[in-house]
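The structure appears below as structure tokens.
The values are calculated or read from the model by the stated rules, or taken from the named source; none is laboratory data. Note that the structure is a prediction, hence the values are computed from the model and not measured. A quick note on method: Cβ atoms are made from the backbone with ideal geometry, for glycine too, and the neighbour counts reach across all protein chains shown.
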Amino acid sequence: MTTISVNAALDTLHIRIPMQFSRRSSRKMIVGPDGKTISEMIDAEADNTDYTFISALGKAFSWQRMLDEGKYQTPKELAEKEKVEVTHMYRVMRLTLLAPDIIEAVLNGKQPRTLTLQNVVRGFPISWQEQRTVFGFLTDT
């Protein structure tokens with residue numbers, strides 16, 4: 001278990017991370033308490049990062065900002081400039097209505113595997129609480 005302690009009198013911070021050093025294939029490896037190497041832990045974290053979803057979120061907020069700032073008067077005008085169908089733009093821009101913690105989970109690759117861009121663009125509730133339930137962030141209502 002990782003522990004953090006602060007000694008204000010000495011202005012020090014101590015972080016204890018349990019790990020061992022091991023040799024695998026004649027290479028020194030850092031092994032965590034669960035037996036995984038650092039590279040295995042990084043690979044496991046990266047597996048759930050949905051770059052397509054993240055890109056769509058970026059487009060959605062960028063398009064919304066352009067409309068909010070008055071650079072384009074209508075989504076149709078912006079869609080023509082971006083060379084995308086206006087219906088596609090509306091579906092993608094709807095991502096700006098996701099709950100902030102859901103967006104953060106997607107950006108950090110911590111979303112449930114069932115939460116994919118394909119599933120979200122089909123439609124979702126406006127209520128953040130309902131979103132959390134529908135997308136598997138809450139088990140109890």
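Observations on the model:
- Complete set of residues in segment 1-18 that are farther than 24 Å from Asn108 by Cβ and at pLDDT 70 or above: Ser5, Val6, Asn7, Ala8, Ala9, Leu10, Asp11, Thr12
- Hey, Arg113 in contact (Cβ under 8 Å) with a residue 40 or more places away in the chain and loosely packed, with under 13 Cβ neighbours inside 10 Å or not: yes
- Hits in segment 117-128 (condition: part of a loop (DSSP other than H, G, I, E, B) and surrounded by 15 or more Cβ atoms within 10 Å (Cβ to Cβ)): Val121, Phe124
- Reported count of residues in segment 19-49, each being over 25 Å from the mean Cα position of the chain (by Cα), exposed (fewer than 11 other Cβ atoms within 10 Å of the Cβ) and modelled with pLDDT of 70 or more, is 8.
- Qualifying residues in segment 93-108 (those that are part of a helix (DSSP H, G or I), without any contact (Cβ under 8 Å) to a residue 40 or more places away in the chain and among the hydrophobic types (A, V, I, L, M, F, W, C)) - the one farthest from Thr133 (Cα to Cα): Met93
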